[in-house]
1. Pull up the stretch B:53-85, narrow it to residues that are more than 16 Å from DNA strand D (Cβ to nearest atom) and among the small types (Gly, Ala, Ser), then point me to the one that is nearest to the other protein chains (Cβ to nearest Cβ).
2. Go through A:Ile106, A:Ile122, A:Ile88 for me and flag whichever is away from DNA strand D (no atom under 16 Å from the Cβ), on the phi < 0 side of the Ramachandran plot and part of a loop (DSSP other than H, G, I, E, B).
3. Can you tell me which of (1) out of contact with any His (no Cβ under 7 Å at 6 or more places or on another chain); (2) more than 29 Å from B:Thr25 (Cβ to Cβ); (3) outside any loop (DSSP other than H, G, I, E, B); (4) within 12 Å of another protein chain (Cβ to nearest Cβ) is the one B:Ile130 doesn't meet?
4. Is it the case that the stretch A:183-195 has a residue that's more than 19 Å from the chain's Cα centre (by Cα) and surrounded by fewer than 19 Cβ atoms within 10 Å (Cβ to Cβ)?
5. Of the residues that sit in the stretch A:22-47 and are surrounded by 18 or more Cβ atoms within 10 Å (Cβ to Cβ), in contact (Cβ under 8 Å) with a residue 24 or more places away in the chain and among the hydrophobic types (A, V, I, L, M, F, W, C), which one is nearest to DNA strand C (Cβ to nearest atom)?
6. So which residues in the stretch A:91-103 are part of a helix (DSSP H, G or I) and either among the aromatic types (Phe, Trp, Tyr) or in contact with a Pro (Cβ under 8 Å, 6 or more places away or on another chain) (or both)?
7. For the stretch A:8-49, which positions are within 14 Å of another protein chain (Cβ to nearest Cβ), more than 10 Å from DNA strand D (Cβ to nearest atom) and of a type outside the set (Ser, Thr, Tyr)?
Protein chains: 2
Amino acid sequence: MQDSFTYSSLQVNNRVYIKNPESSTLGRKIVESSINLMDKIGYEAFTFKKLGFEIHSNEASIYRYFESKNKLLLYLTSWYWSWMEYKINFGLANIPAPEERLEKAIKLLTEDIELDGSFEHISKYKLNRIVIAEASKSYMTKKVDQNNKEGFFSCYNQLVGRLSNIILEINPTYKYPHMLITTLIEGAHHQRFFAQHLPLLTDEVNGEDAITEFSKETAFKAIGAIRPSK
Amino acid sequence: MQDSFTYSSLQVNNRVYIKNPESSTLGRKIVESSINLMDKIGYEAFTFKKLGFEIHSNEASIYRYFESKNKLLLYLTSWYWSWMEYKINFGLANIPAPEERLEKAIKLLTEDIELDGSFEHISKYKLNRIVIAEASKSYMTKKVDQNNKEGFFSCYNQLVGRLSNIILEINPTYKYPHMLITTLIEGAHHQRFFAQHLPLLTDEVNGEDAITEFSKETAFKAIGAIRPSK
DNA sequence: CATTTATGATAGTAATGCTATTATATTTGT
DNA sequence: ACAAATATAATAGCATTACTATCATAAATG
């Protein structure tokens, strides 16, 4: 991914934060460190107090940026999905055939995100791990309806909408484009987690990225389309 | 489901509880009420103190049955999966053709569980809702590996293993039987949740159970088998 | 009916998830 | 250059959570 992509958080709903973390050094440090810390100790053990300690600041200061750790998680996942959409837009820019577009999109959505050596503001590698392991905690909540009403899931909704349209371009009569996309995205994430922690729930296939391969294969068969030859 | 099915918890790993809740009135009340309360207020807000109040007992007594609310959730989900396995075994008993077995199994796994009028000890309707909304919190945890080593997910592992075998009976060369099963089970659960709370992520199709239909269709296409005619 | 065993009542503790207050920097507008 | 506004740091406090411990009483059992 190019550095030309400005990490503005314009695409993230501005009601998930109290003060835009991109607007100050402290804010950026909060986001950056929250990714490291949450990836390391997990959402449950993660607290603003610990984060405050990590960044040599304190709890109260973090609360001026985010109302709660759930909102912070919402911020991180929204950011991830809008980054992913950017990445997909960029990756599909020169591909006209919808079959190829779909295949590429599925690859980008389901592939393993590698540890990048570069010292970026936001570690995509860790953020991907957080999305895999913790994102569901942002919406599997008694506040979903309220949060949804406020538009906190719009990044994800929008991405799913666009991908559904590609499917409909390929097969306009396919009845379940949204289901297929969300099932494959969440499914791929689950499979990554299972591969690491609950291996009996997944399939080991060496010499390929089985998860991405499974996702592509399942998608094309489901919509009754022929996969572009490699 | 017959009442002849004894609700013994033999199939649930005995290390998820301290004292078997099926062994006493209080224990059964704990399980029964925990389902009602957790369904009502959600896993996060659920506490042993509140549960104690509900059953006119107290916190300390509940802690004699379950070490933590995470273990209680593990108990409930394990119970659910072993009940589901029983239900599937029962439902497939007289079906010889693997295609029909698979179709029936997918139906049982993904269908909406209706509110049953009968006053059963354990409400399958609510338990299903808990599994949909909260089950992932039982394993999306920094303790997964340890919990898995102790066999806390064996009910689910076993069920997935059996269903994979049906797939392999139909198509012995299919490479991703476990992935397909888990993707469809978790996927169907997600879709039920989305249909209620995040409708843009799913597809509305009237006049049928779209989620079960999608699951069946996707499964048969994925393994390249022909669906049994209805 | 003596003794385990199960439950209830109460208390206590460290940590969590905040809010509030005040002091001190830092930025800014004039 | 300086006053005013704004951002951050430091500290305290509070209700709740997630437990553990203790002791009394009730129920079951041998």
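Coordinate-derived values only; no laboratory data. Everything quoted here is computed from the prediction, not taken from an experiment. Note: ideal-geometry Cβ built from the backbone for every residue, glycine included; neighbour counts use all protein chains shown.
1. Of everything passing the filter in the stretch B:53-85, B:Ser78 is nearest to the other protein chains (Cβ to nearest Cβ).
2. A:Ile122
3. (2)
4. no
5. A:Met38
6. The answer is A:Glu99, A:Glu100, A:Glu103.
7. If the condition is that a residue be within 14 Å of another protein chain (Cβ to nearest Cβ), more than 10 Å from DNA strand D (Cβ to nearest atom) and of a type outside the set (Ser, Thr, Tyr), then A:Leu37, A:Met38, A:Asp39, A:Lys40, A:Ile41, A:Gly42, A:Ala45, A:Phe46 are the ones that fit.
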